[in-house]
Each structure stands twice: as C-alpha cells, then as structure tokens.
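Below is one structure, written out as structure tokens; the observations come after it.
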Amino acid sequence: MKYRAVLLAFFLLPALWGVADLAGALTASTEVVCPGENVRDGEERPGPMRPGDGECSVLEGSLAVASRTYEEQRNHQSVQRRRDARNGALLMAYGAVGALVAWRATRRTTDDT
C-alpha cells in the first residue's frame, strides 16, 4: 500500500500549488507597479506608477525589453492576476479530482482481507 501514499501525493502537491496560486491572485494588490524603471518627467522615480506616467521600462537583467504606459501596465497586471487565478483553480481541481479517484481506486474492500 506504499504506492497509495505516493499516488495521493502525486495529486495533492498540484492541488496545494493551485491553492497557493489562487490565494496569491485573489489577494494581489491592485497598485500599479513598474517591474523595471519608472520614468516620470524624464527622471527615474521609485515607487508605484501614477495615472499619467508615460513610460515604464520593463527590464530583463539590465536590458530594456519593453516600454509601457500606466494603462498598459495596469492592464498587464490585471491579465496576470486573472491568469494566476485560472491556473490555480485548474491545478486545484486537477489535484482534488485526481486524489479522490486515486483514493477510491486504492482503498481496501471487505474482500481484500
């Protein structure tokens, strides 16, 4: 019956990961934050972006790979939160259904004694 524990863990780990992803998406801040350099009035400014900020340089390492306005960054963060919530819900459902099926398939019956 050792395989039962391994099989259940195989499904419970994605379920826990899904719960964490879903919780992170549901509790994420709605504050618009630039992932690189937030440039306002020609100068780099620390802190969150504000409406009207014209440029957020998205960095990959030290190389600027994209530039977004406040609205574009706000929309990008909103899409990321929805994607994380969807992926978390799918992982949670996969893990829960898989664990239930594995548990039911490997449980002892009265004939097994």
* Within the range 41-60, how many residues are farther than 16 Å from ASN75 by Cβ and open to solvent by less than 40 Å² (accessible area, probe 1.4 Å)? -> 1
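Matching residues to (1) more than 25 Å from the chain's Cα centre (by Cα); (2) open to solvent by less than 60 Å² (accessible area, probe 1.4 Å):
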site	(1), (2)
TYR70	no, yes
SER78	no, yes
TYR94	no, no
VAL101	yes, no
ARG107	yes, no
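The values are calculated or read from the model by the stated rules, or taken from the named source; none is laboratory data. In this text the structure is predicted, and so the values were computed from the model without any measurement. Cβ atoms come from the backbone with ideal geometry, glycine included; neighbour counts cover every protein chain shown. Each accessible area value is taken on the protein alone, full model and side chains, heavy atoms only, with ligands, DNA and RNA left out. Shrake-Rupley method; radii C 1.70, N 1.55, O 1.52, S 1.80 Å.
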